[in-house]
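Note sheet for the following structure.
No value in this document is a laboratory result; all are computed from the given coordinates. All values derive from a computational prediction rather than experimental measurement. Note that we place each Cβ from the backbone using ideal geometry, even for glycine, and neighbour counts take in every protein chain shown.
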Amino acid sequence: MQFVVDENIPFAREAFSHLGSVTLLPGRGITREVIRHADALIVRSVTKVDAVLLAGTNVQFVGTATTGVEHVDREYLAARNVAFVSALGCNANAVAEYVLTALLVTAHAKGLSLSGKTLGIIGAGRIGSLVAAKTAALGLRTLLHDPPLARATGEQRYRPLAEILRADFMTLHVPLTYDGPDATFHLIGADELAHVTPSAILINTARGEVVDNAALLETLTKGTIGGAVMDVWEGEPAINWDLLDRATLGTPHVAGYSSDGKINGTVMVYHACCRFRGIEPVWAPPDPPAAPASGSLPHLEFDATGKDFQVLAHDVLTTLYDLPADHEQMRDVLAIPESLRPQAFDRLRRDYPHRREFAGTRVSVTGGGRNLFARLQTLGIRADEP
C-alpha cells in the first residue's frame with residue numbers, strides 16, 4: 001500500500017510505514033500528479049480533497065488528521081466508494097485551552113475582571129462544552145447557542161443568537177457549512193456585529209469563513225467592538241493583513257496545535273486505516289509526547305500568596321502556553337512584503353514549536369487553599385495539593 005501523507009502530521013512515517021511505503025509532502029504540495037499511484041492519502045486542513053485532486057488516481061482511503069472536514073468532498077468520496085475518516089475531537093482540549101488563555105491574556109491587558117462577566121459560546125459540541133466547563137473556574141457565566149441541540153433536546157439553556165451577541169465575550173466553535181437551516185458561513189456578519197456591545201471581545205477558533213472578516217475589520221476600525229482574538233482567517237494563508245493589525249490577538253490557525261492533539265489525530269487515522277486493512281495496530285506514540293529522558297513530567301512552582309485567582313491563573317496558563325509569543329510571531333509577518341506573507345503564515349504552522357497541553361506539566365502552588373487547587377484542576381491544570 002502506498003501512502004502520501006502531509007509532512008506536518010507527527011509520527012506519520014512511524015505509524016504508517018508498516019502498512020506500506022510512505023511519502024511525506026507539504027500539504028499544499030499534494031497534487032493529483034504526486035498521488036496518482038497512491039492507495040491512501042492522509043491530509044490536514046490545507047489540502048482540498050475533491051475530484052480535482054483525486055480523479056484518475058488509485059486512492060482508496062482518505063484520512064484527515066483534523067476535526068474539521070470542510071476541505072474534503074465527502075459526497076465525491078462516497079460516490080467513488082473511497083473510505084474516509086476524520087479525527088473528530090482530537091484537539092478539542094487544546095482549542096479549549098487556547099480560549100482559556102486568550103480570555104486571561106485579554107482581560108489582563110485590558111484590566112478586566114472575568115468574574116461575573118458573560119461568555120457566549122456559539123456551538124456547544126465537544127469544544128464548546130469543554131470551554132463552558134473550564135471557564136466556570138474563572139467565574140464566567142456562560143450562555144450557549146446551538147440550534148441543532150436546541151431542536152434535539154428542547155432545553156431552554158440554548159439561547160437565541162441575539163442574546164449571545166450581547167455577551168461580554170463570544171467564542172465560536174462550529175463547523176463551516178454553506179447551506180441548510182444552520183449554515184455557518186458568515187454566521188457573524190455586519191448585521192450581527194452591529195448588535196454587539198461596544199466592549200465585547202470576539203474569539204474565533206472555528207473556521208475563518210464563519211466570521212465576515214471585512215465586516216469585522218470595519219467594526220474594529222469604528223471602535224464599536226472591544227476587540228477580536230483571531231486564530232482562523234478567511235483566505236488562509238493570504239489573509240486580511242489589516243485585520244491582523246487590528247486584532248487583539250492573532251495567531252496562524254494553531255489553537256489546536258498542541259503536540260497531544262496532533263498525535264491524537266495521527267492515532268485516530270492510523271487505527272481507522274488498520275481497520276480498513278483488517279489488521280491489528282502495532283504502533284503506539286510515545287507517552288508522554290517528547291518527554292524528558294527521565295520520563296518525568298516537567299514541574300513548575302508558583303506562589304499564590306496575596307494573589308487574586310484570576311492573576312494566578314493568568315500567570316500559570318501563560319507559563320504553560322505562551323500565547324502572547326505566538327501573537328508576536330504572527331505580527332512579525334506584517335513587517336515583510338505582502339507577497340511573501342502567505343508563505344510566512346504557512347511556515348509558522350509548519351515550524352510550530354512543541355506545545356504540551358496543561359496536564360502535561362505538574363504545577364505546585366504555595367499559599368493557597370483547597371478551593372484554589374480545585375479551581376486550577378477545573379482549568380485542566382495538574383495541580384499538586386498541599
Can you give the FRET efficiency for ARG350 and ARG159, using 1/(1 + (r/R0)^6), R0 = 51 Å, r = Cβ-Cβ distance, to the nearest 0.05? 0.80
Could you line up ARG159, ARG277 from fewest to most neighbouring Cβ atoms inside 10 Å? ARG277, ARG159
Rank PRO337, PRO324, PRO160 by mean-square fluctuation in a GNM of the chain with C-alpha springs under 10 angstrom and give only the top-ranked residue. PRO337
With a 10 Å radius around each residue's Cβ, average the other Cβ atoms per peptide and rank 172-184, 132-144, 206-218, highest first. 206-218, 132-144, 172-184
Calculate how large, on average over all directions, the projected area of the Cα convex hull of region 19-166 is; give the answer in nm² to one decimal. 12.2 nm²
When the chain is treated as a GNM, springs tying every alpha-carbon pair under 10 Å, which of SER259, SER86, SER115 comes out with the largest mean-square fluctuation? SER115
Where the centroid of each part is defined by its Cα atoms, how far is region 162-220 from region 7-34 in Å? 35 Å
Report the extension gain between THR31 and ASN81 in nm, rounded to one decimal, defined as 0.36 nm multiplied by the number of residues separating them, less their alpha carbon distance. 16.0 nm
In nm, to one decimal, how far is the ASP245 label point from the SER115 one, both placed 7 Å along Cα→Cβ? 4.0 nm
Residue order, fewest to most surrounding Cβ atoms within 10 angstrom, among CYS90, CYS274: CYS274, CYS90
Amide hydrogen neighbours beyond the local backbone of ILE203, cut-off 5 Å, H modeled: MET170, THR171, LEU172, VAL229
Using a 7 Å offset from the Cα along the Cα-to-Cβ direction at both ARG151 and THR366, what is the distance between the two label points in nm, to one decimal? 5.8 nm
Full-stretch length increase - THR224, ALA51 - with 0.36 nm per residue and alpha-carbon distance subtracted: 58.0 nm
Given the pairs LYS48/LYS222; LYS117/LYS307; LYS134/LYS262; LYS110/LYS134; LYS134/LYS307, which span a C-alpha to C-alpha distance of over 31 angstrom in this model? LYS48/LYS222
Note down the nm distance, to one decimal, between modelled labels 7 Å out along Cα→Cβ at ASP179 and at HIS271. 3.4 nm
Considering amide H positions built from the backbone, and no H for Pro or chain starts, which residues 5 or more places from LEU144, or on another chain, come under 5 Å of its amide H? ILE121, ARG159
Non-local amide H neighbours of PHE84 (under 5 Å, H modeled in plane, Pro and chain starts lacking H): which ones? VAL62
Can you tell me the length gained on complete extension of the stretch GLN343 to SER17, counting 0.36 nm per residue apart and subtracting the Cα distance? 114.4 nm
